[in-house]
Amino acid sequence: MRGVVFDGKAPRVVDDLEVRGPGPGEVLVAVAAAGLCHSDLSVIDGTIPFPVPVVLGHEGAGVVESVGPGVTHVAPGDHVALSTLANCGTCADCDRGRPTMCRAAIGRPSRPFHRGNGERLFNFASNSAFAQRTLVTAVQAVKIPDEIPLTSAALIGCGVLTGVGAVLNRARVDRGESVVVIGTGGIGLNVLQGARIAGATTVVAVDNNPAKEPPARRFGATHFAGSPEAVREILPTGADHAFECVGSIRLIRQAVDLLDRHGQAVLLGVPPADAEAAFRVSSLYLDKSILGCRYGSARPQRDIALYAELYRQGRLLLDELVTRVYPVEDFAAAVADARGGRVARAVLTF
């Protein structure tokens with residue numbers, strides 16, 4: 001079968017990939033579509049260290065092909081969106097409803113794939129959606145209505161969970177509050193629509209590319225600014241919430257500086273692993289906060305089902321996130337368009 005493999009030097013599409021069958025508590029999924037997320041690019045450029053060789057991809061949807069013993073919530077033929085959280089379900093964090101903090105779900109890749117030459121390959125983010133078939137734990141497969149296009153449903157499992165979840169689960173934006181979103185790529189657009197769903201009344205999208213204004217407004221921005229400095233003209237006393245979606249140390253500092261009293265800066269962009277940020281300590285003494293956020297503080301079995309229903313009601317935009325669909329053989333073109341900022345989300349199909 002086909003898949004995208006990164007060997008530590010360059011990614012390439014191969015056609016001799018194989019994956020083992022499902023064991024207890026596992027699900028084999030025929031992947032129909034997968035979004036190209038900047039986290040995949042970060043593995044390629046070294047921003048996210050990861051063992052190689054690895055099958056890339058972590059934002060996908062498809063059809064259940066088979067299930068292992070003990071799996072009862074999905075069955076062959078079901079349409080599913082995939083999450084990256086292979087959480088254990090039994091530790092203290094899972095029991096508290098915080099599966100993103102489960103230590104079993106962080107940094108423990110397995111090697112369910114192999115190639116015709118016998119080489120074994122890691123899965124990325126417990127998911128590896130850039131393959132015609134992939135193996136996930138049962139908790140990662142969330143059943144969705146068949147009528148949701150799989151090219152759109154694929155984006156729920158990362159971009160939507162992260163962006164919308166950061167607003168609803170981590171920041172807990174309330175009605176009437178103000179929100180600043182720095183960076184309007186795939187994550188930023190989902191933060192914008194999360195703010196709209198939450199009932200924020202002033203939502204400022206910040207991006208130095210003026211072409212980003214129309215989609216930003218479509219997803220929920222009430223204002224658009226070409227730089228963080230321009231936000232002060234819209235929110236003179238600062239924002240209740242500022243989301244940094246780029247991964248820039250400079251912009252992280254500016255997100256903190258844009259806060260009003262009792263404001264929160266939520267960090268979603270991914271800078272290099274050894275990056276350090278600076279800010280004035282005194283700037284936090286008016287009850288301001290800097291919040292990290294992993295995967296939108298999501299509970300995927302609950303949240304994916306919720307977002308699928310919001311899509312059906314017309315309240316959550318998914319189709320509009322898909323800028324262009326590429327056959328997996330055109331992976332290099334999808335990467336070039338993503339790095340060039342020409343797509344909100346590139347979606348690969350098999």
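Tabulated data
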{"item": "Residue count, the range 229-248 (criterion: open to solvent by less than 30 Å² (accessible area, probe 1.4 Å) and among the β-branched types (Val, Ile, Thr))", "result": "1"}
{"item": "Number of positions in the range 177-206 that are outside any helix (DSSP H, G or I) and open to solvent by less than 20 Å² (accessible area, probe 1.4 Å)", "result": "12"}
{"item": "Test set (1) farther than 12 Å from Val181 by Cα; (2) of a type outside the set (Phe, Trp, Tyr); (3) without any contact (Cβ under 8 Å) to a residue 40 or more places away in the chain - Pro271 fails condition number", "result": "(3)"}
{"item": "Meets criteria (at pLDDT 95 or above and either within 14 Å of the chain's Cα centre (by Cα) or not in a loop (DSSP other than H, G, I, E, B) (or both)) for Leu291", "result": "yes"}
{"item": "Residues satisfying the stated conditions in the range 255-285, i.e. touching a strand residue (DSSP E or B) at 6+ places or on another chain (Cβ under 7 Å) and modelled with pLDDT of 95 or more", "result": "Ala255, Val256, Leu258, Leu259, Asp260, Gly263, Gln264, Ala265, Val266, Leu267, Leu268"}
{"item": "Of the criteria (1) touching an Asp or Glu at 6+ places or on another chain (Cβ under 6 Å); (2) under 19 Å from Leu135 (Cβ atoms), which one Pro51 fails", "result": "(1)"}
{"item": "Residues that are assigned to a strand (DSSP E or B) and open to solvent by less than 30 Å² (accessible area, probe 1.4 Å), drawn from the range 1-15", "result": "Gly3, Val4, Val5, Phe6, Val14"}
{"item": "Total residues in the range 33-91, condition in contact with a Gly (Cβ under 6 Å, 6 or more places away or on another chain) and buried (at least 19 other Cβ atoms within 10 Å of the Cβ)", "result": "6"}
{"item": "Checklist (1) closer than 22 Å to Ala34 by Cβ; (2) among the aromatic types (Phe, Trp, Tyr); (3) open to solvent by 50 Å² or more (accessible area, probe 1.4 Å) applied to Tyr285, failing item", "result": "(1)"}
{"item": "Filtered residues of the range 211-228 (kept if touching a residue at least 12 places away in the same chain (Cβ under 8 Å), surrounded by fewer than 18 Cβ atoms within 10 Å (Cβ to Cβ) and either of a type in the set (A, V, I, L, M, F, W, C) or in a helix (DSSP H, G or I) (or both))", "result": "Arg217, Arg218"}
{"item": "Test: residue in the range 201-210 that is free of Cβ contacts under 8 Å to residues at least 24 places away in the same chain and under 28 Å from Arg339 (Cβ atoms)", "result": "yes"}
{"item": "Contacts under 7 angstrom Cβ, first residue in the range 292-320 being of a type in the set (Lys, Arg), partner part of a helix (DSSP H, G or I), 6 or more apart", "result": "Arg294/Thr100; Arg299/Pro99; Arg315/Ile197"}
{"item": "Matching strands (runs of 3 or more DSSP E) fully within the range 92-168 where at least 3 residues are under 30 Å from Thr184 (Cα atoms)", "result": "141-143"}
{"item": "Total residues in the range 16-38, condition at pLDDT below 95 and part of a loop (DSSP other than H, G, I, E, B)", "result": "1"}
{"item": "Every residue from the range 229-266 that is part of a loop (DSSP other than H, G, I, E, B) and out of contact with any Leu (no Cβ under 7 Å at 6 or more places or on another chain)", "result": "Leu235, Pro236, Thr237, Val246, Gly247, Ser248, Leu258"}
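To keep it simple, each residue is scored yes or no on (1) surrounded by fewer than 17 Cβ atoms within 10 Å (Cβ to Cβ); (2) part of a strand (DSSP E or B); (3) more than 19 Å from the chain's Cα centre (by Cα); (4) at pLDDT below 95.
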| position | (1), (2), (3), (4) |
| --- | --- |
| Ile304 | no, no, no, no |
| Ala308 | no, no, no, no |
| Tyr311 | no, no, no, no |
| Leu316 | no, no, no, no |
| Val325 | yes, yes, no, no |
| Glu329 | yes, no, yes, no |
| Ala332 | yes, no, yes, no |
| Ala338 | no, no, no, yes |
| Val343 | no, no, no, yes |
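The values are calculated or read from the model by the stated rules, or taken from the named source; none is laboratory data. None of the values given here were measured: they were computed from a predicted structure. FYI the Cβ positions are ideal-geometry reconstructions off the backbone, even for glycines, and counts take in every protein chain you see. Please note that ligands, DNA and RNA were not included when accessible areas were found on the heavy atoms of the full protein model with its side chains. Shrake-Rupley method; radii C 1.70, N 1.55, O 1.52, S 1.80 Å.
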